[in-house]
Every structure is written in structure tokens, then in C-alpha cells.
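The next block holds one structure in the form of C-alpha cells; read it before the comments.
The values are calculated or read from the model by the stated rules, or taken from the named source; none is laboratory data. If you're wondering where the values come from, they're calculated on a predicted model, not measured in any experiment. Because the Cβ atoms are built from the backbone with ideal geometry, glycine has one as well, and the counts that use them run over all protein chains shown.
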Amino acid sequence: MNILTKWLRAYLPGLPVDDAQLAEDLTLRGIAVEGIYSLGDGNGSLYEMDITTNRVDAMNHYGVAREAAAIYGLALPALNFPLPQAKAAKSPFSVRIEAEDVCGRYTARVLRGVKIADSRDWFPGVEVSTYFGLLQQKCISNAVDATNYAWIAMGQPTHAFDLDKIVGGIVVRRALKGEKLKTLDGMERTLDPEDLVVADHAKALALAGVMGGWDTMITPATTNVLVEAAWFDPMAVRKTARRHGLHTDASHRFERGADFNAATVASALVSSILLANGGSIEGDLVDVRIPAIEACTANRKPVSLELSEVHRILGATVDEEGITAATVEVVLKALGCELTKTVDAAWLVTLPSWRLDLDRDIDLIEEVARVYGYNRFRNTLPAFGEGVHALPWAEKEAAVRGTFMSAGFHEAIASTFCSAAEAALSAPQPGLVVPLGNPLSEEAGVLRPSLVPGMLGMIAGNLHRDVNDVRLFELGTVFSGTTEKVDERPAVAFGAVGSLPEQGALHPARAIDFHDVKGAVEQVLARFQARAVYFDRFPAEAALTPEWLHPYRAARVAVEGATVGWFGQLHPRQAAARKLKEPVLVGELYLDRLYNLPLRKTAVREISRFQPVRRDFSLVLDESIPWETIDRALAGLQIPELVDWRVREVFRDAKIGAREYSLLLGATFQAPDRTLREEELQNFQARVVAAVGKAGARLRA
Amino acid sequence: MNNEDIPNLTAFDEASLGEAFATVERQARNAAAALGTPEAVEAFRLEWLGRKQGRLNEVSSRWLKAAPVESKKPLGLRFNALKAVVEGLLDEALGSGPSDAALAAEAIDITLPGTRRLTGAEHPITKTLNEITRVFAALGYSVGVGPEVETDFYNFESMNFPPGHPARDTQDTLVVANQERRSQRDRLLLRTHTSPVQMRTMESQPPPVRIVIPGKVHRNDAQDATHSPIFHQVEGLCVDTNITFSDLKGTLDHAMKALFGSAVKTRFFPSFFPFTEPSADVQISCIFCGGKGCRKCKNSGWIELLGCGMVDPAVFAFAQEKQPAYDPKKISGFAFGMGVERIAMMKYGVSEIGQFYAGDMRFLGQFA
């Protein structure tokens, strides 16, 4: 909404500040001036305003002038548009409000013999062509411009009908089922029985408070005019406008609550503009009011306000005396309230008809603070409350995040949404995918059931931009359920592709592989206290491995018997579909399950001061025997002095069998209390050889 | 290495012995002087002191064996002295380590770039969220969270956005499908702000409340340089007896100074949010120009950063349905909310909000 300072100064000739200062003062009182544009000598400035939705009263020149008057303590003259004497009518124009619940007031004035012409500056105070020129508001005709002038001046929407097209009189009612109306925008509309319409005795004429009708619009041939100024219910106007996809200057104002008492003033303003070019009034103003609505708009019950409550809510001011009773009275009176003192420092406050947003004492307290000036309140701090409580999983989340970061993964955040196809691919629980009613796009049609699609998208994004080394993880929410009930769970996804970062001038590059990522997963799991952590794989026919994973290069992660995630190489089919040539490693952990575990607490173990003895065993194994078998066999020995065993090397060699591989096992023996004797070591070695032999390994000759 | 032969000893008089031992000692000293590397020192040890083929062993076996009985004692004395000298030379060689020349041969190019491990970076949004929650933790605020899929009741109605209220227009909402048949307040939507957690918190505990709520929120907005349908907010709520508007001002002034530096000034002006009254927008003095006016603050010297206000009694009335202690006549409170992306963009000079969600390694790596 744009405001002319020239127009404001016409209402308030005594404004003591320049346009820049006025803008600043208004803004600091909540009437925000977003931009100031000088219009040249004598024309003042144009303010681009950003008025909050609750302040419809300030979405016009007179309303802004009222705020300025309150700030500077000026008197704002009431608007008054004297009209010539009316000619007598044979009978009053017929107006009937049928929809009494949503039309609170309807005024109608009959003008005859008007001449439709171009707008001019009709008389002092109504400089239509000057103001519209400065506002760059298109001039159409004196009738149309008069109604526009009324809302720009004082916020009240009005409407001018071609009286000769009206049959009988006006009825404000709800539309009939299937009723048709061609609106001013040329659209032929089928009305809804809930739509509020202004009708005559034969047909709907206009969408009440939203848009006039085509058939009764003012044309150059119009000579007789009916001027409407009414009060329509905000919700009724809003719903009608919504249903028809309309948002007009009129509906914008009615939706936010118009001034019940402004109808007669606006009617006079519009009429006086039209009559300035000839014509006369016929009959008295017809003014139909619904008392029930008047009682909750113009004639609301006074609100009681206590100074102590003002202090309780607002607190300390920079000024020593604080908010005084005098301050309260001056501010509220300037805004149009009337105050009656009940006891000392308490009032009954009568509310102005144009401020439907004021309703309770807190609303008045806000007005006092606003006009007094927010920045005149002191900066104080409340007393310290109770202790600070951490979320139960905060430390665990930090452990997961920190571990991925220290493993060289960057944290990322992806979209909350994915396509239905991606959801079907990645949902851990198929079918429990939640669609959106109004998605941003088809690609964002559902709530993500997994972080994997987002991770794959980000990996692809990097590769397609020729960023070839990618390490990312995302901590986020995944969704499952139905449109009736949605479950949210925390998860972490991770993805990696490209070379290890250790490559440099002196070392050859090496592609990151499954076991690098497995290492990161192990590091994360190691942060938690768990008895049984294992990785396993399922035969393809079991169809348990997620479709996005390579069935033979992927692992399930299980902790205490429950699946906590999956990871591995992206299925080549998926890689091809995403045009990813490099093997991509990707996975997801279900953090809600991991968070059930306590974090591992460090309990330091004594470090033996006796010499460890390392023994290597060169084994030959059948391809079908995985490391896990050897690992378990050694664990089964339960030799306390066997403190560590690991794979030192795995290699394939033409000299051994075709279906066999070599494994160099490194074992370390150490006792906490003594140096191991040779016979002990020989005994341990023999037991190791026996155990791995039983597991299917033979010693390499 | 000294390859000179050990002289033959033909006469065993004192002079002959002296000369012969002097020759061998000179050979040993010459050999020791040339030692550079640890390998050479070891070779010296083996050559001179080796048990089988060592030169001293040779001296001993050749000379001592041939000596007449009366010469064996003086020869033995001289031999022991020689052995001590050689051992001394060896100790010296071991102690002083390799020579400079030997070290120079091992030179490397230290100007080649170091081999760097990738340091994982915390996402700038996480970083900023954590900074904000830390500032408020120091003021006694715990962290609260709530669901990203909310009901209309928590997101709107209990926050004093009645059904059909124009204020709802300011928050275009993404909704879950198939909600039309449900009652308005049960309809599921993607929360448009973190404010619903205010109500969830108050419903679950009586006052006092000091809580900050970080979280992801969604709106049905078109993406541009500064707007995204996905963004993050931090909401704050403080409820207690005697909480005032000046407490709100002081708290946020303190928080902004903690976040942006003690020179930052704050300025409050009236705004409108359905769930607070009085409501305010807060500006901070421009952190780029210090308030003098620059391109970043559109020459105003101020940057708008957050919305806040005193909790509206209507919101307390909803909380009272489950926790009667939220009587707006007895308690009061304030709430505030800030967009995390906006703060992160300002702090780190990010020009496109979309960069936060693209997962681009080149962008994220800068925060390591």
C-alpha cells in the first residue's frame, strides 16, 4: 500500500517533522514505512508501507494520519463531506438484509442525472486526479475513481451500481444453488450457496465485499447511480473471495474488519465526488443496520484497564516515572478511545469502531507501549529460572555427528521431501509413505521415509559438478505412517565416493571402499554401550536387503539382535539410473534404535608393563570361509593372554588353490603380571593353530 | 673403509711392537673418522670387533700366537690398550650419530603440500543453531523439540490463529494429503514455525518455563535467493511470574550481543503476531558497517533479525486447558523466534539460501 505525504499533510497541516522523520517515527510505532520516494517539489514523498494484517485501519491515508496525530499530539479533524439537499423520493429505495448474520449494515443512496466523465480535482480535500497521478493509480471515470478514492482515503470499500439495471431493490443474501454471476473481471461465475451476494429482486448483482457485477457496472451511458457502503462479515467475505480465487482491495479490507461507522462517511464522499459533475440526490440515505452486529463492532462493551496491569506486563522504562496514568490516557484518547476513570488508576475504555483488533486490556496495553515507544523501555533480565535440562538424546546425537565428522564426513541437510518412486525404493516399511496434499512439485510429493534419496541426490549433485571426492552425512527426521497418523524418527545417512583424502604428491590415490565406510560405522557404534554388534548379509532370494543396495556388497548392521541400519555399495541398477559411473557407498542408521543404548563410558584398563609377543600365522582358506569364522574360533579359545588378533593381510595367489585365499593372521600375547615363557607361548600357538584348523584353515607351508 | 692389511710382526721388541700397534691404531682412527651413517658404524664394529673375522681378532690370533713366551705379556697389554681405543672410537661414532653429509643425502622437499586428511565440517545451520542455544543455555534455557508434522491445532489454532484468520495467509502451508474429512484442528500439516512447541511444552509442564526450540520448518513458498520452502527457526519461550516486556528487551539485547559482539545495539518496533501481544520486530545495528549504513543494510544501519512479544493471554488460555497454572492474571511470559538461515547467511556471507541444502562439498568444506 502506498501513502502520499502530501495527502497526510492535507489532513494534518501542523505536522512538525519532515517526511524522513515522519517515516521513522511511524515505523518505530508499528506503521512500517518500507520505502520513501521523493515525488519532486511540492509533491512530498510516496511511502511504500508494510502494514501488518491486524491494522486494517491504517491501510489508508486518514488512518495513517490518525497515527501521526497520536505521535505528535495533534488534533485530527473529523472527515465531513456535506451533500446538497436531497430531492424527495416517491418511496424510499428498498434495501433488505436477509443474511443478517454476515451483513451488519447496508447503506444505499440514489443519485440521479449524474454525468460520467474523467476525474478532476473536484474540490479542496478531494484532489482525485492529483493524488491518483502521484500514486500512479489509473484514472477510469469519476464514478469508479470515486469509490477507489474512498478506500484510499479512509479505507472503506464502496460500490457504485448503474441504478437503471437494478430490478426492484437491494437484497443482501446468500447465493442460490447454481446461481450465475458475471463479475467485473468478465468472468462468468457459478455461485456457491455459501457465497454472500448483493442482489436485486431478480438476480445476483455482485459478490458482496469482493467484486461488483458486469451487468450493473457504470458505463459512459450511466445517468442514475446507486452508491453502496456497507459492512460485511470478515469471514464471509474471506470465504467468498477464496472460493472464487479473488483477492481485491475491497475483500482485503472487509476480511480484516471494516469500520462499521464509516459507511455513511464513505457514502457521502463518493456521492459528493459524483455530484461535483452534476446530478442530484433522490431521497434520504437508506441505512439498514443489524443491531446484533453493531453491538459487537461499533458499540462494543467498554474494556476495563488497570494501570497495575500495564506495569505488570510492560515493566521498567528509561524514564524514571515509568508509564503514568496520564500517559495511558493521552495515548488511548489520541487513538480514539474514550476513558472513564473507575477507581484510582483504572478505567473503563470505550473502543473506537475502526479498531476491531482492540478487544481486551492486553490490546490496550500494547497500544500504550507502541505509542509510548518500545525503545523507551529498559533492558532488564528476568530472574534465573530452574536448572537447564539437556534432551535425553542430545549427547548421543552429538556423538554420532562428531564421529562422522572426525571420520572426514561433512554434515549436509537435504530436502524433507522426495518423489513417490524414491520413497517406494527406500522406505524401510513399504507402504507406510505419507503423501502431501499440495506438494511443491512431483519430485517432492511425499515425506521422506528414508534419508537415502536425499543423500543420493546430493552425491549425484557433486559428481555432476565434477566434485569427485564426496563424504557426506545427514542427521534428520524420517517419516512413516499414514495420512491419519505420521511417525517421525531420527536417522543418519552417509555416502562416500571417490578417492581417500590421503592421496597426495607422494602417495598413490586409492578409491574409498566398502570397508572404509564400514570403519566409520564401527566407529559410530563404538560410541555406544552394546553387547552384541554384528554385520551380516542375506542371500538375494531372501529379499531382505534394501533394493538400493548391491546384494553382495552390502551389510545389515545389527545391535543386540535388532537391525539398526544398512550400508554398502549402491546397486549398479540405481547407479546407472542416476548416471553415476563410480561405485557409490551409501547407508543409513536408524538412530531411534541406537539411542536406546547408553553411550559407552570409559573405564580405563591397566596397561601391562610386560613385553607383548607377536606371532603371525599364514593361513589358507576356502573362499566360502569368511573372516568371521576365524574371528569366532579365536574368541572361542578364551585365552586371556591372547590380547589382540587381527587380519594383517588378505591376498590371492596362483600358488594356492583356485578357490582359496591366503590370510595373514597377527596374534599378540601378553600377560598383565609376568613375562610369558617360551613353553606358554608354544602352547598358545598350538591352540591357535588347532582352532583355526577346526574352522577350516590350514597353515601355509 | 680401511683396507690396509695388518702388518706382519717379525720382531717382538718394544720398538717393533710399538710401531706395529701404532699402525693398526692409525688404521682404526682413519676408518672411524670416515663413519657417516649408522650402517657404516655397524660395519666398522663388525670389521674391528667382530668375534670371528674382526681385525682385532686377527691381530690377536696372528701376533699373539707367534710371539715368544716372554713377549706375550707386553703384547697383551698393548692389545688391550688398542681394543680400548677401538671401542672408544666405536662409542664416539655411535654417540655423535650420522654426519651432516650423511644427513644432507636424506633431504626431502618440504615445500610439497602436506597430506591432509579430510576434516568433517559441521553444517553451518547446525553450527548456528548450536551457537544460539548455547547463548540461551547460559541464561537458563533448556532445549525443547517437537514434531515436524503438526496438527492445525498446535501450529495455528492454539497459537491464536483462528480458522479462517487472515494471519494464516502469511504462512503458506504444506499439508498432508487427505485431511479434508478431519476436523480442522486435527488436520496434519508441515509446521510453518517452531511456535507449536511452545504449546506442547506448556501442556507438559507448569510454569516456570525457560526453553529454546530449534527446528526445521516448511512453507509453501517459491525458492529464491533468500527464501526456501525449507528453513530452520529457533523459538524461545519464558514464562514465570512477573516477566515483563522490558525483560524481553533485555534478554534479546543480551543474546544479540552474545551472538554478534558486544558493540551490537538492538532496536524494537511494533509488529503483529497472533500469539504475542505486544508484538515486536527486533533490528540489530548492522554488523557489517557498525550502523553507518552500507549495501547490506540498505543504508539504514539496521538489520531486521527476529520477531518477539509477550505471550498473548489467548495462548495461555489454550495452555490452561491442560495446565491450570497458566493463568494470565498471575503469570506472564515472552516468546521470540528467529530464522537460522538468515543469521547464518549474515555471519558467513552466504548469498544463496539454496546452498544450505545442496550438499555441495565445496560449500560445506569451508566450514571445517
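Has segment B:195-208 got any residue that is more than 13 Å from chain A (Cβ to nearest Cβ), surrounded by 19 or more Cβ atoms within 10 Å (Cβ to Cβ), within 30 Å of the chain's Cα centre (by Cα) and within 15 Å of B:Asp152 (Cβ to Cβ)?
No, because not a single residue in segment B:195-208 is more than 13 Å from chain A (Cβ to nearest Cβ), surrounded by 19 or more Cβ atoms within 10 Å (Cβ to Cβ), within 30 Å of the chain's Cα centre (by Cα) and within 15 Å of B:Asp152 (Cβ to Cβ).
Identify, please: which residue in segment A:519-555 is basic (Lys, Arg) and under 23 Å from A:Gly408 (Cα atoms) and is, among those, farthest from the chain's Cα centre (by Cα)? Show your work before the answer.
Quick first cut of segment A:519-555, residues basic (Lys, Arg) only: A:527, A:531, A:537, A:553.
Subsequent filtering for residues that are under 23 Å from A:Gly408 (Cα atoms) retains A:527, A:553.
Details: A:Arg527: 36, A:Arg553: 41 Å.
Filtering first and then ranking leaves A:Arg553.
Which of the following residues is part of a loop (DSSP other than H, G, I, E, B) and modelled with pLDDT of 95 or more: A:Leu597, A:Leu580, A:Leu544?
Unique residue meeting the criteria: A:Leu597.
I need the full set of residues from segment A:340-372 which are part of a strand (DSSP E or B) and either free of Cβ contacts under 8 Å to residues at least 40 places away in the same chain or among the hydroxyl-bearing types (Ser, Thr, Tyr) (or both), in order please.
Listed by number, the residues that qualify are A:Thr340, A:Lys341, A:Thr350.
Quick check on segment B:159-180: of everything there that is assigned to a helix (DSSP H, G or I) and over 27 Å from A:Arg448 (Cβ atoms), which residue is farthest from the other protein chains (Cβ to nearest Cβ)?
B:Asp169
Do you know which of the residues in segment B:138-168 that are acidic (Asp, Glu) and closer than 21 Å to B:Ala317 by Cβ is surrounded by the most Cβ atoms within 10 Å (Cβ to Cβ)?
Start the filter on segment B:138-168 by keeping residues that are acidic (Asp, Glu), which leaves B:148, B:150, B:152, B:157.
Filter again for closer than 21 Å to B:Ala317 by Cβ, leaving B:150, B:152, B:157.
Values: B:Glu150: 27, B:Asp152: 23, B:Glu157: 18.
Within segment B:138-168, the match that is surrounded by the most Cβ atoms within 10 Å (Cβ to Cβ) is B:Glu150.
So which residues in segment A:38-80 are touching a Ser or Thr at 6+ places or on another chain (Cβ under 6 Å) and in a strand (DSSP E or B)?
Of everything in segment A:38-80, those that are touching a Ser or Thr at 6+ places or on another chain (Cβ under 6 Å) and in a strand (DSSP E or B) turn out to be A:Ser38, A:Ser45.
Tell me, yes or no, whether segment B:118-126 has at least one residue that is among the polar types (S, T, N, Q), within 30 Å of B:Gln366 (Cβ to Cβ) and at pLDDT 85 or above.
Taking segment B:118-126 as the starting set, the residues that turn out to be among the polar types (S, T, N, Q) are B:119, B:126.
Keeping just the survivors that are within 30 Å of B:Gln366 (Cβ to Cβ) gives B:119, B:126.
Still in the list and also at pLDDT 85 or above: B:119, B:126.
Yes, segment B:118-126 contains at least one residue that is among the polar types (S, T, N, Q), within 30 Å of B:Gln366 (Cβ to Cβ) and at pLDDT 85 or above.
Would you tally the residues in segment A:358-412 being surrounded by fewer than 20 Cβ atoms within 10 Å (Cβ to Cβ) and among the basic types (Lys, Arg)?
Number satisfying all stated conditions: 3.
Sort out which residues of segment B:32-59 are more than 60 Å from the chain's Cα centre (by Cα) and farther than 18 Å from B:Ala15 by Cα, and write them in order of number.
The answer is B:Lys52, B:Gln53, B:Arg55, B:Leu56, B:Asn57, B:Glu58.
So which of A:Leu432, A:Leu451, A:Leu436 is assigned by TED's automatic domain parsing to the domain that holds A:Ala554, surrounded by fewer than 19 Cβ atoms within 10 Å (Cβ to Cβ) and either of a type in the set (A, V, I, L, M, F, W, C) or within 16 Å of A:Gly565 (Cβ to Cβ) (or both)?
A:Leu432 is the lone residue from the list that is assigned by TED's automatic domain parsing to the domain that holds A:Ala554, surrounded by fewer than 19 Cβ atoms within 10 Å (Cβ to Cβ) and either of a type in the set (A, V, I, L, M, F, W, C) or within 16 Å of A:Gly565 (Cβ to Cβ) (or both).
For segment B:284-297, does any single residue satisfy the condition of being within 12 Å of chain A (Cβ to nearest Cβ) and either touching a helix residue (DSSP H, G or I) at 6+ places or on another chain (Cβ under 9 Å) or assigned to a loop (DSSP other than H, G, I, E, B) (or both)?
No: segment B:284-297 contains no residue that is within 12 Å of chain A (Cβ to nearest Cβ) and either touching a helix residue (DSSP H, G or I) at 6+ places or on another chain (Cβ under 9 Å) or assigned to a loop (DSSP other than H, G, I, E, B) (or both).
Against the definition (among the small types (Gly, Ala, Ser) and modelled with pLDDT of 85 or more), how does B:Ala107 come out, yes or no?
Against the criterion (among the small types (Gly, Ala, Ser) and modelled with pLDDT of 85 or more), B:Ala107 qualifies.
Looking at A:Asp469, A:Asp487 in this structure, which one is closer than 25 Å to B:Arg117 by Cβ, in contact with a Ser or Thr (Cβ under 6 Å, 6 or more places away or on another chain) and among the acidic types (Asp, Glu)?
Result: A:Asp469 is the single residue among A:Asp469, A:Asp487 that is closer than 25 Å to B:Arg117 by Cβ, in contact with a Ser or Thr (Cβ under 6 Å, 6 or more places away or on another chain) and among the acidic types (Asp, Glu).
Filtering segment A:322-350 down to residues that are in contact with a helix residue (DSSP H, G or I) (Cβ under 9 Å, 6 or more places away or on another chain) and of a type in the set (Asp, Glu), which residue is modelled with the lowest pLDDT?
The extreme case among them is A:Asp344.
Condition check: buried (at least 22 other Cβ atoms within 10 Å of the Cβ) and of a type in the set (Asp, Glu). Does B:Glu277 satisfy that?
Answer is yes for this residue.
Could you check how many residues of segment B:181-194 are surrounded by 21 or more Cβ atoms within 10 Å (Cβ to Cβ) and either in contact with a Leu (Cβ under 7 Å, 6 or more places away or on another chain) or assigned to a loop (DSSP other than H, G, I, E, B) (or both)?
7
Could you name every one of the helices (runs of 4 or more DSSP H) located completely within segment A:390-502 that has at least 2 residues being at the interface with chain B (Cβ under 10 Å from one of its Cβ atoms) and on the phi < 0 side of the Ramachandran plot?
A:394-406, A:452-464
Taking the options B:Val149, B:Val209, name whichever one is closer than 18 Å to B:Asp312 by Cβ and assigned by TED's automatic domain parsing to the domain that holds B:Phe318. Give the derivation first.
Values: B:Val149 fails: closer than 18 Å to B:Asp312 by Cβ.
When all the criteria are applied, what remains is B:Val209.
Anything in segment B:157-190 that is over 27 Å from B:Ser279 (Cα atoms) and among the aliphatic types (A, V, I, L, M)? List them, or say none.
Scanning segment B:157-190 gives B:Val175, B:Val176, B:Ala177, B:Leu188.
Find the residue count for segment B:30-48, including only residues that are surrounded by fewer than 17 Cβ atoms within 10 Å (Cβ to Cβ) and at pLDDT 85 or above.
Number of matching residues: 3.
Condition check ((1) among the β-branched types (Val, Ile, Thr); (2) within 14 Å of chain B (Cβ to nearest Cβ)) across all residues:
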position	(1), (2)
A:Ser251	no, yes
A:Asn261	no, no
A:Arg289	no, no
A:Ala325	no, no
A:Val330	yes, no
A:Thr340	yes, no
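Suppose we filter segment A:12-59 for residues that are among the polar types (S, T, N, Q) and away from chain B (no Cβ under 12 Å); how many remain?
Final tally of qualifying residues: 4.
Suppose the filter is crowded, with 16+ Cβ neighbours inside 10 Å, under 22 Å from the mean Cα position of the chain (by Cα), of a type in the set (Ser, Thr, Tyr) and at pLDDT 95 or above; does A:Ser480 pass it?
The answer is yes for A:Ser480.
Quick one: which residue in B:Val217, B:Val212, B:Val234, B:Val239 is in contact (Cβ under 8 Å) with a residue 40 or more places away in the chain and more than 12 Å from chain A (Cβ to nearest Cβ)?
B:Val234
Among the residues of segment A:465-482, write down those that are in contact (Cβ under 8 Å) with a residue 40 or more places away in the chain and of a type in the set (Lys, Arg).
A:Arg471
Within segment A:577-590, how many residues turn out to be surrounded by fewer than 23 Cβ atoms within 10 Å (Cβ to Cβ), in contact (Cβ under 8 Å) with a residue 60 or more places away in the chain and among the hydrophobic types (A, V, I, L, M, F, W, C)?
1
Looking at (1) within 30 Å of B:Ala11 (Cβ to Cβ); (2) modelled with pLDDT of 85 or more; (3) surrounded by fewer than 18 Cβ atoms within 10 Å (Cβ to Cβ), find the lone condition where B:Ala66 falls short.
Checking B:Ala66 against (1) within 30 Å of B:Ala11 (Cβ to Cβ); (2) modelled with pLDDT of 85 or more; (3) surrounded by fewer than 18 Cβ atoms within 10 Å (Cβ to Cβ), the one that fails is (2).
From B:Ser279, B:Ser262, which residue is hydroxyl-bearing (Ser, Thr, Tyr) and assigned to a strand (DSSP E or B)?
B:Ser279
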